[in-house]
Amino acid sequence: MTDPIELTSVPAEEPVAAQAEAVIDLDAIAANVEVLREHAGTAAVMAVVKADAYNHGAVAVARTALAAGARELGVTTIAEAIELRAAGIEAPILSWLNTSDADFAAAIDADVEIGVSSAAHLRAVGAAARARGRTATVSVKVDTGLNRNGASPHEYPVLLDELAKLEAERAVRFRAIFSHLAHADEPDHPIVEVQRDRFVDAITAAKRIGLTPELVHLSNSAATLTRPDLAFDMVRPGIAIYGLSPIPERGQLGLRPAMTLRGRVALVKEVAAGEGVSYGHEWIAPHDTHVALLPLGYADGIPRALGGRFEVLLGGVRRPSIGRVCMDQVVVDLGPLPPTVREGDSAIFFGSGAAGEPIAQDWADTLNTIHYEVVTGIRGRTVRTYTHGGELA
């Protein structure tokens, strides 16, 4: 799988000098997994590391989550699962979003559990298993009301019949039934109860024809943290592992954001009163001032729509962005007094908030989106590095 951010491993004696850097605190990842384990009770935790661990680095996050007590890993594609296996990770891995012509043979060879949502998917897995002379491990995803991936009520009986045949010939091992919630971020929404009941009915229907899953799972991050009654045998948190609250209006829920986006000042200069800054001169200096140039732009994941609408923490003070976000750079206002900020100083765009810096949720609120999009959108020339509580990993 192609990683949109260059992975770096930098020894502690060689500080990172990248102009744009996404710093991932692995101690925060571990602490978040521990919080989720406490909420899960006796249920196992599957750490969802799809999309390169929400752009935090799948291999590093997977290893950290497993060391912190997660028992399994979840991804969307087989390619994502194979990347984890290639890194030497041996824990169970579930891949749940593939077309019927996916490389199921590679998944079978790598002992990757395959989620199926239709009889066609399952038949393709069965054919691959026969060709490899091995038993494939499969889990059935049932649609309980999200109406996205998962077997529909019409498809589900057909899928179960196919599963019974393939299990009888030992082409597949039936491991689990799982589903996904549509309103988990609204824990009291009536649809949550509807989906729970449909999920239980789907489990019962499978058992009625002699198909007994080894485990069943339904809960995502929000349900794990707020609905212990939905834990079943395992929970599948994603966004919460990265310290981003699945229900922002309820606060952080004990989670610590793991990603800090920072950049180094490229230039400090004076701007006279009445002068415009950046394309279109959308910002005009109201008085003589000083500005700092930061070499990150929309090519690196700073949304252009944020121009003049965000702050960075620089020199211990929040500084407002001014003018348009450009492809490679943004400008922040330092004020009229002689600046204490110098070229090479570090500016924090967002982080955990512990030092008073913005958090990813601030960007999401400004853009009327979700923090998932903020952290997964960081890209381009941004270098990813890892720390343990501030010390380079």
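Please treat every number below as a calculation from the coordinates, not as lab data. Bear in mind the structure is a predicted one, so any value in this text is a computation, not a measurement. No Cβ is skipped: glycine too gets one built from the backbone with ideal geometry, and neighbour counts run over all protein chains shown.
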Taking the mean number of other Cβ atoms within 10 Å as a proxy for protection, how do you rank 330-338, 384-392, 259-267 from highest to lowest?
259-267, 330-338, 384-392
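Between Asp365 and Glu282, what FRET efficiency follows from the Cβ-Cβ distance if R0 is 22 Å, with the result rounded to 0.05? Before the final figure, lay out each step's value.
Details: r = 21 Å, r/R0 = 0.97.
Rounded to the nearest 0.05, the efficiency is 0.55.
Output the antiparallel fraction of DSSP beta bridges having both residues in the chain, as a percent to the nearest 5.
Working: 31 of 63 bridges.
Of all bridge pairs located within the chain, approximately 50 percent are antiparallel.
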Tell me the angle of helix 119-132 to the major Cα principal axis of the chain, expressed in degrees between 0 and 90 and rounded to the nearest ten.
80 degrees
Just in region 309-378: which trypsin sites (Lys or Arg not before Pro) are loop by DSSP and have at most 12 other Cβ atoms within 10 Å?
Arg342
Can you tell me what share of the DSSP beta bridges in region 41-241 is antiparallel? A percent to the nearest 5 is fine.
0 percent
How many angstrom lie between the Cα centre of region 216-264 and the Cα centre of region 116-167?
29 Å
How far is helix 58-67 tilted, in degrees, relative to the longest principal axis of the Cα atoms in the chain, given as a value from 0 to 90 rounded to the nearest 10?
70 degrees
Tilt, helix 155-168 to longest principal axis of the chain (alpha-carbon atoms), in degrees rounded to tens, equals 60 degrees
Please arrange Lys165, Lys141 by counting, for each residue, the other beta carbons lying within 10 Å of its beta carbon, fewest first.
Lys165, Lys141
Using the C-alpha atoms of the chain, what convex hull volume per residue, in cubic angstrom, is computed?
139 Å³
Along the Cα→Cβ direction, 7 angstrom out, place labels at Ile247 and Thr204. What is the inter-label distance in nm?
2.7 nm
Which residue fluctuates the most in the chain, going by a Gaussian network model with Cα springs under 10 Å, if the choices are His39, His154, His217?
His154
